[in-house]
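The next block holds one structure in the form of structure tokens; read it before the comments.
The values are calculated or read from the model by the stated rules, or taken from the named source; none is laboratory data. None of the values given here were measured: they were computed from a predicted structure. Cβ sites come from the backbone with ideal geometry, for glycine too, and all protein chains shown count toward neighbours.
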Ligand SMILES: NC(=O)c1ccc[n+]([C@@H]2O[C@H](COP(=O)([O-])OP(=O)(O)OC[C@H]3O[C@@H](n4cnc5c(N)ncnc54)[C@H](O)[C@@H]3O)[C@@H](O)[C@H]2O)c1
């Protein structure tokens, strides 16, 4: 009966959707639901985000600012920093962070805090969907007991599912709307309801038999990337060692095979909130079963070693110049963890900067059109505009993130030495500029 009522409310779009955590994942989802005719309420502990949403101001690149402003104006979308509205919500999505601790163990405290916030006013007929990436069994072993601690029973009084997020910030081709999503409910009714709620904003929901399968599936997706990136990062280092083999050309030619191969690219390391962290989430669970995820952990370590490798490339090149490292003017281009985004979480570029500072490089500046300022090693840096004068005065320009707005012709024309970790300068005329590409020692 409760299930039918909720189904009906979702189908008629009279259901109110709550989104806990208005970050890169949560805000776009809240906007999608509101745009589809639902009333969406975001909850975030960050008062600045709440105030921004309520004043119709967007802070996530992938969200259309005009759409957000219009939805707020029409009272389809609002935000708050407390959990007092929980009982007025029909569907509650949890999109809070899942970082790791200093010792690289999972930190699900944000999920637990959000769940406790929900449990205080959980009522019959509500559907809770955990979307934060996490280790297998989080939903059933950690979230469910808190919700059932209210005395309500899952599958009967309320519904619970895990459905991992697949958003790829900066990706213009695949967005929330056209990327299928996997859904695993605690009971069959939970899966059905979560699929229905999901399909209101996503092209297709793919039901699986349990939250555990969905949790593991998400880790497989991200670890698949981690392992394959590690493979090409290792090959890039080997190409550098051998000399005369360009890893980028190797990958482009391998790509011509129409089956059984998928290209991944080397770089200065992995950043962001997913691919770097997820191998450690799985390794932690595996250890509880006396299982060492050797292969997966080795891949993570290989990727984490890349900023150190890039730092050594830079030191080697500067050692060939008539300037000491302390005095060398080093310009870092791109500080976000990947192209065309403003997210700097765990960015390898920041790590490269930090390592250079630790080596006593004292003349570092950076440019990033998406990131106006950053803090590295307790030092504040402001993005400097790229000018001819800046480039020609730099002893070493390092391309750490290949934003598409960069004019690489101009960069090469005015620089003397470019360390390119992304192959952004492929095929361009070098002129007087020396280019050193990761994975292509000539
Ligand atoms: N960013 C991505 O591209 C991406 C893609 C797929 C999956 N994910 C996963 O989605 C989850 C969220 O990632 P994100 O990038 O959106 O993180 P984020 O840091 O951008 O956003 C999380 C938000 O949750 C808020 N928050 C923290 N604790 C809270 C609480 N108790 N109550 C209410 N709000 C709270 C924070 O203030 C923040 O605004 C993570 O598990 C991540 O691994 C992220």
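For the stretch 386-439, please list each of the strands (runs of 3 or more DSSP E) lying entirely inside it that holds at least 3 residues being closer than 16 Å to residue 365 by Cβ.
On the way: elements: 396-399, 417-420, 434-437.
Counting at least 3 such residues, we get 396-399, 417-420.
Out of (1) touching a residue at least 60 places away in the same chain (Cβ under 8 Å); (2) more than 9 Å from the ligand (Cβ to nearest atom); (3) assigned to a helix (DSSP H, G or I), the odd one out for residue 117 is which?
(2)
Cβ contacts < 6 Å: first residue under 22 Å from residue 137 (Cα atoms) and away from the ligand (no atom under 12 Å from the Cβ), restricted to the stretch 81-108; second residue modelled with pLDDT of 95 or more and assigned to a loop (DSSP other than H, G, I, E, B), any location; separation 6+ or different chain. Result?
Pairs that qualify, where the first residue is under 22 Å from residue 137 (Cα atoms) and away from the ligand (no atom under 12 Å from the Cβ) and the partner is modelled with pLDDT of 95 or more and assigned to a loop (DSSP other than H, G, I, E, B), are 91/15; 101/107.
Name the residues in the stretch 249-280 that are out of contact with any strand residue (DSSP E or B) (no Cβ under 6 Å at 6 or more places or on another chain) and within 16 Å of the ligand (Cβ to nearest atom), would you?
Result: 270, 271, 272, 273, 274, 275, 276, 278, 279.
From the list 336, 349, 286, exactly one residue is at pLDDT 95 or above, assigned to a helix (DSSP H, G or I) and closer than 24 Å to residue 410 by Cβ. Which is it? Full working, then the answer.
Numbers: 336 fails: assigned to a helix (DSSP H, G or I); 286 fails: closer than 24 Å to residue 410 by Cβ.
Within the list 336, 349, 286, the selection yields 349.
Of (1) out of contact with any strand residue (DSSP E or B) (no Cβ under 7 Å at 6 or more places or on another chain); (2) surrounded by 15 or more Cβ atoms within 10 Å (Cβ to Cβ); (3) over 30 Å from residue 24 (Cβ atoms), residue 355 satisfies all except one. Which?
Of (1) out of contact with any strand residue (DSSP E or B) (no Cβ under 7 Å at 6 or more places or on another chain); (2) surrounded by 15 or more Cβ atoms within 10 Å (Cβ to Cβ); (3) over 30 Å from residue 24 (Cβ atoms), only one is false for residue 355: (3).
From the list 86, 146, which one is surrounded by 14 or more Cβ atoms within 10 Å (Cβ to Cβ) and in contact with a strand residue (DSSP E or B) (Cβ under 8 Å, 6 or more places away or on another chain)?
From the options 86, 146, the qualifying one is 86.
Give the stretch 1-15 a look and list any residue that's surrounded by 15 or more Cβ atoms within 10 Å (Cβ to Cβ), in contact with a helix residue (DSSP H, G or I) (Cβ under 8 Å, 6 or more places away or on another chain) and not in a loop (DSSP other than H, G, I, E, B), or say none.
3, 6, 7, 10
Which one is farthest from the ligand (Cβ to nearest atom), of the residues in the stretch 16-40 that are more than 23 Å from the chain's Cα centre (by Cα) and either surrounded by fewer than 23 Cβ atoms within 10 Å (Cβ to Cβ) or at pLDDT below 95 (or both)?
37
Regarding the stretch 376-383, can at least one residue be identified that is touching a residue at least 60 places away in the same chain (Cβ under 8 Å), crowded, with 19+ Cβ neighbours inside 10 Å and farther than 22 Å from residue 393 by Cα? First the steps, then the outcome.
First pass over the stretch 376-383, keeping only residues touching a residue at least 60 places away in the same chain (Cβ under 8 Å): none.
Scanning the stretch 376-383 turns up no residue that is touching a residue at least 60 places away in the same chain (Cβ under 8 Å), crowded, with 19+ Cβ neighbours inside 10 Å and farther than 22 Å from residue 393 by Cα.
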